[in-house]
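Shown next, in structure tokens, is the structure this report addresses.
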Amino acid sequence: MKKDGPLIQVRDLVQRIGDQEILRGLSIDVMPGETLVLLGKSGGGKSVFLRHLIGLMRPISGSIVFENEEITHLTERKLEPVRKKIGMLFQDGALFDSMNVFDNVAFPLRESGERNPKIIREKVAESLAMVNMTGHDHKMPVNLSGGMRKRVALARAIISPPDVILYDEPTAGLDPIVSDSINKLIRHLQRELHVTSIVVTHDMVSCNHIADRVALLNEGRIYFLGSLEDLQKTTDPIIRDFVDGRSGETIY
């Protein structure tokens, strides 16, 4: 791993869905160990960007270098070791409804070939403890609250300790108290696992709690990149409208 420079380097990423150009030359560096929060309007390409980082989408053009390796043209087989280093928390948790909590969390281990029941039990227990979900092993996803579902999904994402965790709207649909617990958990995992975190959100409360740096995606490009202090100080009207929650529209 490259220790003295970016962990991830993205250059000129372009993606279209149908006739719509979603990413229009997005470029950004992600530094080792930081929590980078990516802000932007709904439907603006934030989740699309995350899916490129884990190889679930391939760009029309552009480059993604992860730990000094260009990954945009790797085959599915060659992407496997990269994906093992990246955990992802999908917006809805993406739990398997037919599996209980234990089997959901154990799924990545079994997929990677682990067959020793003792090792699986120990690792599942460790991951659940890290997200404060000990004792819920036999519950089905349908019996979990929204916050609990996200914690279980996060336990699954970290069971093989990743170098990077990608969070897609981790507090979406949660009440303020549960959202606060998720924000604290993101910080806790960064400290405990020494991971790099990329958090996609439009929640400014979350941003203010967890961000080391903040990027704003606008019109398919990175419009702003800086510290929380830089974000709060800016007078740029596009950034201020987003930070202050103003639509910029006149209602008659």
**Item:** Difference of contour (0.36 nm per residue) and Cα-Cα distance, Thr75 to Ala125
**Value:** 14.7 nm
**Test item: Cα-centred dipole of the chain, Lys/Arg +1 and Asp/Glu -1 on Cβ, debye** = 620 debye
**Complete:** One computes Rg over Rh for the stretch 99-230 from alpha-carbon atoms, with the Kirkwood Rh, and obtains 1.01
**Prompt:** So for the stretch 1-93, what percent of the C-alpha to C-alpha distances run longer than 16 Å?
**Reply:** 56 percent
**Asked** Stokes-Einstein D for the chain at 10 °C, 1.306 mPa s, Kirkwood Rh over Cα pairs, in µm²/s?
**Response** 84 µm²/s
**Kirkwood Rh and Cα Rg combined as Rg/Rh, the stretch 174-250** = 1.00
**Message:** Over 24 Å between Cα atoms: which of Lys46/Lys150; Lys46/Lys139; Lys41/Lys78 fall into that group?
**Reply:** Lys46/Lys139; Lys41/Lys78
**Request:** Based on the mean of other Cβ atoms within 10 Å per residue, sort peptides 79-89, 236-246 so the most packed one is first.
**Result:** 79-89, 236-246
**Request:** Would you mind telling me which residue in His138, His209, His52 has the biggest mean-square fluctuation in a Gaussian network model of the chain, where springs connect alpha carbons within a distance under 10 angstrom?
**Result:** His138
**Request:** Specify which residue in the list Met140, Ser179, Phe66 is farthest towards the positive end of the charge dipole of the chain, using unit charges on the beta carbon of Lys, Arg (+1) and Asp, Glu (-1), about the Cα centre.
**Result:** Met140
**Request:** Ignoring everything but the protein chains, give the 1.4 Å probe accessible area of Asp103 in square angstrom, nearest 10.
**Result:** 50 Å²
**Item:** Among Asn208, Asn68, Asn116, residue whose mean-square fluctuation peaks in a GNM of the chain (springs only between Cα atoms under 10 Å)
**Value:** Asn116
**Request:** Compute the accessible area per residue over the chain, keeping the other protein chains in place, probe 1.4 Å, unit Å².
**Result:** 50 Å²
**Message:** Can you return the aspartates and glutamates within cross-link range of Lys84? Criterion is Cα-Cα under 15 Å, with same-chain partners fewer than 8 residues away left out.
**Reply:** Glu67, Glu69, Glu76, Glu111, Glu114, Asp163
**Among Lys78, Lys150, Lys123: highest mean-square fluctuation, GNM of the chain, C-alpha pairs under 10 Å** = Lys78
**Asked** Hey, what number do you get for the chain at 222 nm if only DSSP H runs of n ≥ 4 count, each worth -39500 (n - 2.57), divided across all residues, to the nearest 500?
**Response** -11000 deg cm²/dmol
**Fill in**
Listed by chain and number, the residues whose amide H is under 5 Å from that of Ser27, excluding neighbours fewer than 5 places away on the same chain and using placed H, are Asp12, Leu13, Ile222
**Complete:** With the dipole of the stretch 29-162 defined by +1 on each Lys or Arg Cβ and -1 on each Asp or Glu Cβ, the option from Met31, Val101, Asn116 whose Cα lies farthest towards the positive pole is Val101
**Message:** Not counting ligands, DNA or RNA, and with a 1.4 Å probe, what is Leu193's accessible surface area in Å² rounded to the nearest 10?
**Reply:** 40 Å²
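The values are calculated or read from the model by the stated rules, or taken from the named source; none is laboratory data. All values derive from a computational prediction rather than experimental measurement. Cβ sites come from the backbone with ideal geometry, for glycine too, and all protein chains shown count toward neighbours. Note: accessible area is taken over every heavy atom of the protein model, side chains too, but ligands, DNA and RNA are not part of it. Shrake-Rupley method; radii C 1.70, N 1.55, O 1.52, S 1.80 Å.
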